[in-house]
Amino acid sequence: MNREPATLRIESPAPNVALVKLHRPEVANALNTEMGRDLMEYFEAIALDPNDIRCVVITGAGDKAFCAGGDLKERNGMTDEAWQRQHLLFERMFRAITFCPIPVIAAVNGAAYGGGCEMAGCCDFIYAADSARFALTEVSLGIIPGGGGTQSLARAVGERRALELILSAKPILNIQSRL
């Protein structure tokens, strides 16, 4: 990355490990355009030159949420054209995480809803705290998951269980016993 990301805190807690903290704790680490751009640029840079990084861990700042999903307050003021640009940016961000050439681990604490659940699903592994809750809540807003969540969830839990979870928008509270 050529610039310091405004919405991420990047640390190196151990040799060859990058810890990427989603850092918007005041809004449960909700995914806004700036965070989408920061994540996209970070993971695209890793794909081009991983340097000595052998593993990336993504987590949320604070213990309230991994990522509460899209920042709906930001979206409320958008024109259709601005929303389409944001959606394309988010698609590129999700692809950059999914196709990262080194392992990516989601360390999920608290809520991983909507885009946060989809982001965790893009990772190679998910480690969830007892407080973790996962849900694709978009249907409760009259929209569908747009970050690949319908496909990654179906691969993880099977088509019928994924359909039930997506259409109900109900959270999965204890991921080990539910998936």
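FYI, it's all coordinate maths here, none of it is from the lab. Since we're looking at a predicted model, the values are computed, not measured. Because the Cβ atoms are built from the backbone with ideal geometry, glycine has one as well, and the counts that use them run over all protein chains shown.
Taking the chain as a Gaussian network of alpha-carbon nodes connected by springs under 10 Å, the highest mean-square fluctuation of the residues 129, 120, 96 belongs to 129. Taking the fewest neighbouring Cβ atoms within 10 Å as the starting point, the ordered list for 143, 166, 97 is 143, 166, 97. Under the simplified labelling scheme, the residue 151-residue 26 pair shows an inter-label distance of 3.6 nm, with each label point 7 Å from Cα along Cα→Cβ. For residue 170, go through the lysines and keep the ones whose alpha-carbon is under 20 Å away, minus same-chain ones fewer than eight residues off. Leaving aside lysines fewer than 8 places away in the same chain, those within reach of residue 170 are 64.
Take the Kirkwood radius over Cα pairs of the chain, plug it into Stokes-Einstein at 25 °C and 0.890 mPa s, and you get 151 µm²/s for translational diffusion. Taking every DSSP bridge with both residues inside region 1-106, close to 35 percent are antiparallel.
Can you tell me the FRET efficiency between residue 52 and residue 89 if r is taken as the Cβ-Cβ distance and R0 is 22 Å, rounded to the nearest 0.05? E(calc), rounded to 0.05, equals 0.20.
Between residue 12 and residue 79, the contour length at 0.36 nm per residue exceeds the alpha carbon distance by 20.2 nm.
In debye, nearest 20, what is the charge dipole magnitude of the chain about its Cα centre with +1 on Lys and Arg Cβ and -1 on Asp and Glu Cβ, if you could check?
440 debye
In a shell of Cβ-Cβ distance under 10 Å around residue 16, excluding residue 16 itself, what net charge do Lys and Arg (+1) and Asp and Glu (-1) give? Residues close to residue 16 contribute a combined charge of 0. DSSP assigns beta bridges within the chain; of those with both partners inside it, close to 25 percent run antiparallel. The separation of region 97-173 from region 5-77, counted between C-alpha centres, amounts to 16 Å.
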